[in-house]
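**Student:** Sharing a structure with you now.
The values are calculated or read from the model by the stated rules, or taken from the named source; none is laboratory data. This one's a predicted model, so the numbers in the text were calculated from it and none came from an experiment. Because the Cβ atoms are built from the backbone with ideal geometry, glycine has one as well, and the counts that use them run over all protein chains shown.
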Amino acid sequence: MNKSLQPVWLITGAAGALGQALVEQVLADSAECIALDRDERSLNAMHDRLLDKTGRAPLLLPLDLVGASPDDYDELASTVEVEFGRLDVMIHNAASLTALRPIEHQLPDEWMKILQTGLTGPWLLTRAMLPLMRKAKDARLVFVSDRHCLDKPANWGAYGLSQAGREWLARALATELGPRGPSVLDIDPGPFYSRLRAAAWPVTTPDELPSAQQAARGLLEQIDKGVQ
């Protein structure tokens, strides 16, 4: 077991734009980092890039939230426990969006995959990891949210539903966990350029929006202050 005194972070959607920026900045702060994503090739590329650039790299956990079973999440928690013995911060960053379209035109398979990635998977992962988070002092459970689709719900379909569900889940967990912890944060980092953003607005270009690195810095500052 790695008995590092540094905080242990787990970030989902770690191979995406915001996920990679978060992993890099967490490692730069000398914390231990676990990177979870379904895209194993991109995880490996990030690992090698960061190792070459900084001499440090995250522990990689390839997992598809869509196809994972409850047993898969329990095995994941066992891996983290063997490696670190605890979990200080978990960021639910993974999300999925194919395109904006009316609900009546969204395919059932697409609907199920988006909800599994954005809502059911985070619940299962939280359920599995809570015992490890209770072993850490001042642990924080973070949901990355997108409130734009809640304010303007038309055409967001399952993605909008998953975001509404995440907001409710964060509120419910915060109430149920209370002073026992971990503390629960629901944070909207605001607009930034990413593959998901481009799926919603294909004409958007990177120079029109803040970068994922900027969004990650702001998100980590909010986590550090415990504000949302």
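**Student:** Which condition number in (1) at pLDDT below 95; (2) surrounded by 14 or more Cβ atoms within 10 Å (Cβ to Cβ) is the one that Leu36 fails?
**Tutor:** Exception for Leu36: condition (1).
**Student:** Looking at Val23, Val66, can you tell me which residue is among the hydrophobic types (A, V, I, L, M, F, W, C) and in a helix (DSSP H, G or I)?
**Tutor:** Values: Val66 fails: in a helix (DSSP H, G or I).
Val23 is the lone residue from the list that is among the hydrophobic types (A, V, I, L, M, F, W, C) and in a helix (DSSP H, G or I).
**Student:** Quick check on my filter: what residues within region 132-161 are among the hydrophobic types (A, V, I, L, M, F, W, C), crowded, with 21+ Cβ neighbours inside 10 Å and in contact with a strand residue (DSSP E or B) (Cβ under 8 Å, 6 or more places away or on another chain)?
**Tutor:** Within region 132-161, the subset among the hydrophobic types (A, V, I, L, M, F, W, C) is 132-133, 136, 139, 141-144, 149-150, 154, 156, 158, 161.
Filter again for crowded, with 21+ Cβ neighbours inside 10 Å, leaving 132-133, 139, 141-144, 149, 156, 158.
Matches in region 132-161: Met133, Ala139, Leu141, Val142, Phe143, Val144.
**Student:** Regarding region 181-194, can at least one residue be identified that is surrounded by fewer than 21 Cβ atoms within 10 Å (Cβ to Cβ), in a helix (DSSP H, G or I) and not β-branched (Val, Ile, Thr)?
**Tutor:** There is no residue in region 181-194 that is surrounded by fewer than 21 Cβ atoms within 10 Å (Cβ to Cβ), in a helix (DSSP H, G or I) and not β-branched (Val, Ile, Thr).
**Student:** Exactly one condition in (1) touching a helix residue (DSSP H, G or I) at 6+ places or on another chain (Cβ under 6 Å); (2) surrounded by fewer than 16 Cβ atoms within 10 Å (Cβ to Cβ) is not met by Pro58; state its number.
**Tutor:** It is condition (2) that Pro58 fails.
**Student:** Among the residues of region 167-180, how many are hydrophobic (A, V, I, L, M, F, W, C) and surrounded by fewer than 16 Cβ atoms within 10 Å (Cβ to Cβ)?
**Tutor:** Of region 167-180, the ones hydrophobic (A, V, I, L, M, F, W, C) are 168-170, 172-174, 177.
Among the residues that remain, those that are also surrounded by fewer than 16 Cβ atoms within 10 Å (Cβ to Cβ) are: 168, 172.
Total meeting the criteria: 2.
Residue-by-condition table, conditions (1) touching a residue at least 12 places away in the same chain (Cβ under 8 Å); (2) outside any strand (DSSP E or B); (3) more than 13 Å from the chain's Cα centre (by Cα); (4) crowded, with 23+ Cβ neighbours inside 10 Å:
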site: Thr98; (1), (2), (3), (4): yes, yes, yes, no
site: Glu104; (1), (2), (3), (4): no, yes, yes, no
site: Glu110; (1), (2), (3), (4): yes, yes, yes, no
site: Thr117; (1), (2), (3), (4): yes, yes, no, yes
site: Pro122; (1), (2), (3), (4): yes, yes, no, yes
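**Student:** Take Ala216 and decide whether it is in a helix (DSSP H, G or I), surrounded by fewer than 19 Cβ atoms within 10 Å (Cβ to Cβ) and in contact (Cβ under 8 Å) with a residue 12 or more places away in the chain.
**Tutor:** Values: in a helix (DSSP H, G or I): yes; surrounded by fewer than 19 Cβ atoms within 10 Å (Cβ to Cβ): no; in contact (Cβ under 8 Å) with a residue 12 or more places away in the chain: yes.
Here the answer is no, as Ala216 does not meet what is asked.
**Student:** Give the residue that is farthest from Ala94 (Cα to Cα), with candidates limited to residues of region 172-204 that are without any contact (Cβ under 8 Å) to a residue 40 or more places away in the chain and of a type in the set (D, E, K, R).
**Tutor:** If we take residues in region 172-204 being without any contact (Cβ under 8 Å) to a residue 40 or more places away in the chain and of a type in the set (D, E, K, R), then Glu176 is farthest from Ala94 (Cα to Cα).
**Student:** Identify all residues within region 26-63 that are in a helix (DSSP H, G or I), in contact (Cβ under 8 Å) with a residue 24 or more places away in the chain and among the polar types (S, T, N, Q); write none if there are none.
**Tutor:** Ser42, Thr54 - these are the residues of region 26-63 that are in a helix (DSSP H, G or I), in contact (Cβ under 8 Å) with a residue 24 or more places away in the chain and among the polar types (S, T, N, Q).
**Student:** Name the residues in region 169-228 that are within 29 Å of Asn155 (Cα to Cα), among the aliphatic types (A, V, I, L, M) and over 17 Å from the mean Cα position of the chain (by Cα), would you?
**Tutor:** Within region 169-228, Ala172, Ala198, Ala199, Ala200, Val203, Leu209 qualify.
**Student:** Given the conditions (1) more than 28 Å from Asp138 (Cβ to Cβ); (2) among the aliphatic types (A, V, I, L, M); (3) in contact with a Ser or Thr (Cβ under 8 Å, 6 or more places away or on another chain), and given that Leu97 satisfies all but one, which numbered condition is not satisfied?
**Tutor:** (3)
For every residue, the table says whether it meets (1) over 17 Å from Met129 (Cβ atoms); (2) of a type in the set (Gly, Ala, Ser).
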| position | (1), (2) |
| --- | --- |
| Glu24 | yes, no |
| Ser30 | yes, yes |
| Ala77 | no, yes |
| Ala99 | yes, yes |
| Pro102 | yes, no |
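**Student:** Continuing with the same structure: Does Ala164 fit the bill of being under 17 Å from the mean Cα position of the chain (by Cα), free of Cβ contacts under 8 Å to residues at least 60 places away in the same chain, surrounded by fewer than 20 Cβ atoms within 10 Å (Cβ to Cβ) and under 23 Å from Asp109 (Cβ atoms)?
**Tutor:** Details: under 17 Å from the mean Cα position of the chain (by Cα): yes; free of Cβ contacts under 8 Å to residues at least 60 places away in the same chain: yes; surrounded by fewer than 20 Cβ atoms within 10 Å (Cβ to Cβ): yes; under 23 Å from Asp109 (Cβ atoms): yes.
In short, yes.
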